[in-house]
Amino acid sequence: MNTIEDIILDNDKRGISELRNLVPQDFCKRSSDLILENPGKVFITTGFYILTAGAAETDGPPGAIAIGNALEKLGYEIVYITDEYAFDMMRECKSEKSRVIDFPIMDKPESEEYAIELLSKENPSILLSIERCSAAQDDKYRNMRDLDITVNTARIDLLFNIHKTTIGIGDGGNEIGMGNVLDGVDKSDKLVSYPAVSTVNELIISSVSNWGGYGLISSLSMSTGKNVLPTIDEDMQIIRRIVDMGAVDGFSGEQTYKVDGFNLKENADALQRLHDILD
């Protein structure tokens, strides 16, 4: 029988599964355990800028919303952290109880000051990132084609350098948390050439970051005995809604109902396989 980790690493288009042996085999459960050990307020960050489109991509926000909705059902307070390119879509798709904070795009000293003040003011119990760009060793932020998007990216990864309880979800090597497997990304001829350096307590790798989010929710569901996964219709509705608001497919840069090149049915198939494990 396939595990949660098997399912979310299936149909790998980028080579992320090369890193499977560099992370714990039960990485979804380890992440869900960390969440359940830290009740209270959760920061969830997402939003990845696509240079060719001048807009955020479809991978990340649906998974972030799904995680936030699931954790609300389990008693957590949810605060989404993003920047100007994904702010409106997160505000449109979030629950009534949750909040969205716009982390300004600023230089590093200003961003560090903002990050410290934000954590002091909000005092979250845990930070979680899903498909959010992190700086490489040269302190620049790059996309999957190694193009510089620093001027279009808020330095949200600085929060993860400060807080002590963190989870990252990524699929390409340039996301928050992928510093955990930096050497593996660096040696790969399929993944990005400028790996992220930010590290996290627990890292989830997946063929599509949204799927990694659904894998995390599946593990939370198993541990709590309550299926808090989104339905297929809920997932499709979120993807359609953010595309209608301007989000684009990360692979093509086109405003189309796809996530990293996968159409709605292919995304639904991955989510359904996770539901089947829980049934």
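The values are calculated or read from the model by the stated rules, or taken from the named source; none is laboratory data. Since we're looking at a predicted model, the values are computed, not measured. Using ideal geometry, Cβ is built from the backbone for each residue, glycine included, and neighbour counts are taken over all protein chains shown.
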All but one of (1) of a type in the set (D, E, K, R); (2) touching a residue at least 60 places away in the same chain (Cβ under 8 Å); (3) closer than 17 Å to Y141 by Cα hold for K108; which doesn't?
(2)
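Do we have N11 as of a type outside the set (A, V, I, L, M), on the phi > 0 side of the Ramachandran plot and over 17 Å from the mean Cα position of the chain (by Cα) here?
Numbers: of a type outside the set (A, V, I, L, M): yes; on the phi > 0 side of the Ramachandran plot: yes; over 17 Å from the mean Cα position of the chain (by Cα): yes.
In short, yes.
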Which condition does G213 not pass, out of (1) farther than 18 Å from F48 by Cα; (2) small (G, A, S); (3) under 18 Å from the mean Cα position of the chain (by Cα), if it passes all the others?
(1)
Residue count, region 240-279 (criterion: among the hydrophobic types (A, V, I, L, M, F, W, C) and in a strand (DSSP E or B)):
3
Any chance F48 is modelled with pLDDT of 95 or more, among the aromatic types (F, W, Y) and out of contact with any Cys (no Cβ under 9 Å at 6 or more places or on another chain):
no
Show the residue pairs that are 6+ apart or on different chains and have beta-carbon atoms under 6 Å apart, the first residue being within region 34-57 and in contact (Cβ under 8 Å) with a residue 40 or more places away in the chain and farther than 10 Å from N152 by Cβ, the second being aromatic (F, W, Y) and in a strand (DSSP E or B).
I44/Y80
Those residues of region 25-67 which are of a type outside the set (D, E), within 15 Å of T166 (Cα to Cα) and assigned to a helix (DSSP H, G or I) amount to F27, C28, K29, R30, S31, S32, L34, I35, L36, A64, I67
